[in-house]
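Participant: Pasting in a structure now, in structure tokens, and then I'll have a few things to ask.
Derivation of every value follows stated rules applied to the coordinates shown; laboratory data play no part. Computed from a prediction, not measured in an experiment: that's the story for all the values here. Here the Cβ is made from the backbone with ideal geometry for all residues, glycine too, and neighbour counts use every protein chain on show.
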Amino acid sequence: MDAEGENVVPDPLHDSFTHLRQVYFETDPNYAARFSVPVLYDKINRVIVNNESSEILRMFGTEFDHLIAEKYRSISLYPPEHQKEID
């Protein structure tokens with residue numbers, strides 16, 4: 001690791017990676033755009049699914065419902081009455 005500090009930790013999926021750009025290049029060796037966070041990463045297929053924060057938040061609101069208890073599925077992180085304000 002080339003950086004030290006209390007908030008610098010090794011990547012648990014890529015112990016040899018030291019920079020986010022390596023995750024981008026793993027997904028696409030020819031990636032030529034900006035390396036940005038947040039990143040939603042599929043650790044099974046080893047690809048970046050999305051790197052747009054607003055889209056990731058919307059995905060969290062519905063795409064993972066099958067992984068949580070039924071009683072929590074109605075919680076909306078993007079409620080219709082606040083969408084204009086959020087956007």
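Participant: Pairs of Cα atoms under 8 Å, at least six residues apart: use those to get the relative contact order of the chain, whole percent. Write down the numbers at each step before the final one.
Facilitator: Details: 59 pairs, mean separation 13.4, N = 87.
15 percent.
Participant: Oh, and also: Normalised radius of gyration for the chain, please: alpha carbon Rg relative to 2.2 N^0.38 Å, two decimal places. Could you put the intermediate results ahead of the total?
Facilitator: On the way: Rg = 16.3 Å, N = 87, 2.2 N^0.38 = 12.0 Å.
With N residues counted in the chain, Rg over 2.2 N^0.38 Å equals 1.36.
Participant: Hey, another quick one. Hand me the GluC sites (Glu not before Pro) from segment 4-56 located in a DSSP loop with no more than 16 other Cβ atoms within 10 Å, in residue order please.
Facilitator: Working: sites: E4, E6, E26, E52, E55; in loops: E4, E6, E52.
For GluC sites (Glu not before Pro) across segment 4-56 that sit outside H, G, I, E and B with at most 16 neighbouring Cβ atoms in 10 Å, the list reads E4, E6, E52.
Participant: Loop only by DSSP, 16 or fewer other Cβ within 10 Å of the Cβ. Give me the trypsin sites (Lys or Arg not before Pro) in segment 42-81 that pass, ordered by residue number. If you can, show how the numbers build up before the last one.
Facilitator: Working: sites: K43, R46, R58, K71, R73; in loops: K43, R46, R73.
When the trypsin sites (Lys or Arg not before Pro) of segment 42-81 are filtered for loop state and at most 16 Cβ neighbours within 10 Å, K43, R46, R73 remain.
Participant: On to the next question. Report, to the nearest 10°, how far helix 53-62 tilts away from the longest principal axis of the Cα atoms in the chain, using its own Cα long axis and a range of 0 to 90°.
Facilitator: 50 degrees
Participant: Just want the ordering: T62, T18, T27, from fewest to most Cβ atoms lying within 10 Å of their own Cβ. Write down the numbers at each step before the final one.
Facilitator: Numbers: T62 11, T18 14, T27 17.
With the fewest neighbours first, T62, T18, T27 line up as T62, T18, T27.
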